[in-house]
Structures are given as C-alpha cells and as structure tokens.
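A short worksheet on the structure shown next.
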Amino acid sequence: MLDLGRLRALHAVSVHGSVAAAASALGYTPSAVSQQITKLERETRTTLLERRGRGVALTEEARHLAATAQELLAIVERAETTLEECRGRPTGRLTVGAFASAARGLLPGVLAELARRHPGLDVRLQEVDPHLSVDLVARGMLDLAVAHDWDIAPLPAPDGVEQAVIGDDRCDVLVPEGHPLAARAAVRREDLADERWITQPPGTVCHDWLTRTLRAAGCEPDIAHQAEENHTQLALVAAGLGVAMIPRLGRGPLPAGVRAVALEPVPMRRLYTLWRTGAARRPAVTAAVETLLRHWPNAERT
C-alpha cells in the first residue's frame with residue numbers, strides 16, 4: 001500500500017520543480033521531503049528522482065506516479081469536503097496563496113477574522129506570483145488563491161477552477177518630488193515616453209503590463225532599475241533614480257520626496273479569488289471567500 005503522504009511529497013516536487021520549493025509549499029523541511037521520496041522509492045522499488053546539476057528531475061516513472069498521486073489527492077479532497085460539509089462548519093487546513101501586495105494590504109485582516117470566528121480552521125498563507133497561483137490551485141497545491149490581472153493581460157481560469165471578483169485596484173505614477181510632472185494633476189501615457197523606469201523584473205504581471213501599455217502608446221520604456229518589492233521601488237523613486245507605476249493596495253504611505261500623479265486613462269488591476277470546483281462546497285472555502293469580499297472595502301489602499 002503506497003503511503004499518501006509520500007505521494008503528496010512527490011506530487012509537490014513535480015508541481016514546484018525542486019525539493020526545496022516543494023518543502024516550502026508543504027510546510028516541511030527539504031530534508032523531510034527528501035526522506036519521504038526515498039521511502040517511496042523503496043516502497044515502489046523505483047528510482048523517482050535523478051540528479052541534474054544542482055537540482056533534481058523526475059524520472060518517467062515518477063511523472064506517471066505523480067499524475068496518479070494528483071488523482072488520489074483529488075479523491076481525498078472530495079472525501080474531506082464531504083466530511084466538513086456534514087459538520088457544517090469550517091475545519092481543517094486551508095492553504096491560501098496571494099501576491100505580495102495583497103498578502104500585505106488585504107490578507108492580515110482576513111486571516112485574523114477567520115482565526116477568530118473559526119477556531120477549528122487552520123489557514124496557512126503563501127506568497128505566490130499571480131502567474132503561478134492559478135496553476136497551483138488547479139493542481140491542488142493551493143486551496144484558494146488571490147490573484148490579479150490587467151485589462152491587456154486577462155487572468156486565465158482553466159476548467160475545474162472557479163473564481164470571484166474581489167475588486168479593482170487603482171494604479172498611480174510615482175515621481176520624485178522635484179520632477180517636472182510632480183505638480184501635474186494628471187498625465188497621459190504619451191507624457192511618459194522619455195522617463196527612466198523602475199519596475200518589477202521581466203516575467204511578472206506588473207512588468208509585462210507596463211511594457212505592453214507604453215508600447216501600445218508608441219513608447220519603448222527605458223527600464224533602468226528592477227526590484228520585486230514595491231517598497232524598494234519607492235526608495236529608488238525617492239532617491240530621484242526614475243519613476244514607477246505602482247498599484248495602491250498594500251503600498252502604504254508614500255515616503256518623503258515621492259509624489260503620486262494620476263494617469264489617464266486610469267490603469268486598474270482586478271483582483272480575483274480562485275478555488276477548485278471540487279472544493280466549492282467546502283465550508284472553509286465558502287467562509288474564506290465571503291471574508292475576502294467583505295474586507296475589500298477596508299483594504300490598505302492609500
């Protein structure tokens with residue numbers, strides 16, 4: 001009989017691509033995940049992981065086993081959902097993924113209310129890029145995700161994943177205090193053609209949105225500095241090293257020396273919460289979605 005916990009570890013490695021990332025997602029140490037895989041190899045008398053440089057890769061047999069593990073985990077989830085439904089109250093573990101500014105500006109109040117109202121519910125938060133969160137929900141590595149998209153980069157929702165709109169988050173152009181645009185009430189995209197930009201690295205939603213938006217206006221952005229954290233971008237703007245376009249959620253008060261200027265038309269990103277269709281009846285999912293929607297009007301937006 002194959003051990004479900006060991007199959008879960010193998011499935012996590014297949015989804016996240018490494019033992020370390022799988023351990024982080026499961027809340028274990030890398031050593032514990034490696035031990036689970038080693039025991040599974042002994043049980044199956046099969047080599048499941050092969051060394052590739054500094055990392056590991058799944059063997060063909062491991063990929064087949066991981067696919068089967070996903071099916072088994074889905075069956076277990078349905079059983080757990082039925083039991084929780086019979087109890088009539090949110091219980092068990094709920095793993096939530098959210099992008100950085102939502103984790104900072106929205107989730108603390110949501111998680112605190114869930115803990116207060118549902119003591120039998122164990123909610124665990126992971127910070128996840130929106131590009132990855134939808135797939136992690138679909139694969140069963142997250143129970144719920146908070147993600148966002150922009151008008152020119154819609155968020156895909158695959159079969160088996162449901163979603164609800166949380167709300168819209170406005171975005172401003174942030175410039176140094178002495179910048180020529182600092183005194184303007186509003187600017188248009190064409191006014192930003194010659195600016196040096198501070199933004200997130202390539203491949204992130206915000207970076208892709210910025211480049212696509214400015215190129216659509218006939219401007220090739222000069223990206224001078226890249227930083228993942230909004231607070232780092234704000235510090236670079238305050239130092240006079242460029243301008244940035246940052247949403248309001250989780251941004252916090254602007255530091256001294258930084259001015260927010262409205263952009264017309266106003267750029268918006270839409271926030272969603274997503275969950276698997278198979279878990280839609282689960283009271284924990286219902287309670288979390290309702291709490292997210294209720295907290296949005298009071299989210300940290302300045």
Problem set entry | Beta bridges per DSSP with both ends in the chain, % antiparallel, nearest 5 | 60 percent
Seminar exercise, completed: Note: segment 58-102 at 37 °C, 0.692 mPa s; Kirkwood Rh on alpha carbon pairs; Stokes-Einstein D in µm²/s works out to 250 µm²/s
Problem set entry | Thr68-Asp135 pseudo-label distance in nm [points 7 Å out on the Cα-to-Cβ vector] | 2.5 nm
For this session: Quick one: grab Rg to one decimal and Dmax as a whole number for segment 1-63, Cα atoms only, in Å.
Result: 10.5, 33
Exercise. In nm, to one decimal, how far is the Glu80 label point from the Ser31 one, both placed 7 Å along Cα→Cβ?
Worked result: 2.6 nm
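For the chain, what does the relative contact order come out to in percent, with C-alpha contacts under 8 Å and a separation of six or more?
Details: 540 pairs, mean separation 67.4, N = 302.
With pairs under 8 Å counted, the relative contact order is 22 percent.
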Exercise. Could you list, bin by bin from short to long, the percent of Cα-Cα pairs of segment 224-302 in 10 Å steps?
Worked result: 14, 35, 26, 18, 7, 0
For this session: For Glu177 and Arg52, compute 0.36 nm times the residue count separating them, minus their Cα-Cα distance, and round to one decimal in nm.
Result: 40.0 nm
Seminar exercise, completed: Relative to the chain, whose Cα atoms define the longest principal axis, helix 283-295 and its Cα axis are tilted in degrees, nearest 10, by 10 degrees
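At 1.4 Å probe size, with the rest of the protein present, what percent of the exposed accessible area of segment 142-253 is carbon and sulfur atoms? All intermediate terms of the calculation are to be shown ahead of the outcome.
Details: 2360 of 4890 Å².
The computed percentage sits at 48.
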Problem set entry | Euclidean distance between Cα centres, segment 204-219 to segment 37-106, Å | 35 Å
For this session: Name all residues of segment 174-204 having a backbone nitrogen under 11 Å from the label point set 7 Å from the Cα of Ala260 along its Cα→Cβ direction, giving them as ranges.
Result: 174
Problem set entry | Inter-centroid distance (Cα atoms) of segment 139-197 relative to segment 249-268, Å | 12 Å
For this session: Enter the mean projected area of the convex hull around the alpha-carbon atoms of segment 131-288, in nm², rounded to one decimal.
Result: 9.8 nm²
Problem set entry | Three principal axis lengths of segment 185-274 [C-alpha, angstrom, descending] | 38, 32, 27
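From the mean inverse distance of alpha carbon pairs (Kirkwood) and the Cα radius of gyration, derive Rg over Rh for segment 3-146. Intermediate values should be presented prior to the final figure.
Values: Rg = 16.4 Å, Rh = 16.4 Å.
Taking Rh as the inverse mean 1/r over Cα pairs, Rg/Rh reads 1.00.
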Seminar exercise, completed: Plugging the Cβ-Cβ distance of Arg270 and His231 into 1/(1 + (r/R0)^6) at R0 = 22 Å yields, to the nearest 0.05, a FRET efficiency of 0.40
Problem set entry | Fluctuation leader among Ala138, Ala67, Ala260 - the chain, Gaussian network, Cα springs under 10 angstrom | Ala67
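Computed over the Cα atoms, what is the radius of gyration of the chain divided by 2.2 N^0.38 Å, N being its residue count? Display every interim value, and only then the final one.
On the way: Rg = 22.0 Å, N = 302, 2.2 N^0.38 = 19.3 Å.
Computed over Cα atoms of the chain, the ratio equals 1.14.
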Problem set entry | Two-site label geometry, Asp122 and Glu190: point separation in nm, points 7 Å out along Cα→Cβ | 5.9 nm
Problem set entry | Dimensionless Rg/Rh of segment 86-199 - Kirkwood Rh, Rg from C-alpha atoms | 1.10
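The values are calculated or read from the model by the stated rules, or taken from the named source; none is laboratory data. Treat the numbers as computed from the prediction; the structure is a model and nothing was measured. Ideal geometry is used to build each Cβ from the backbone, glycine not excepted, and the neighbour counts take in all protein chains shown. Side chains are part of the model used for accessible areas, which takes the heavy atoms of the whole protein and leaves out ligands, DNA and RNA. Shrake-Rupley method; radii C 1.70, N 1.55, O 1.52, S 1.80 Å.
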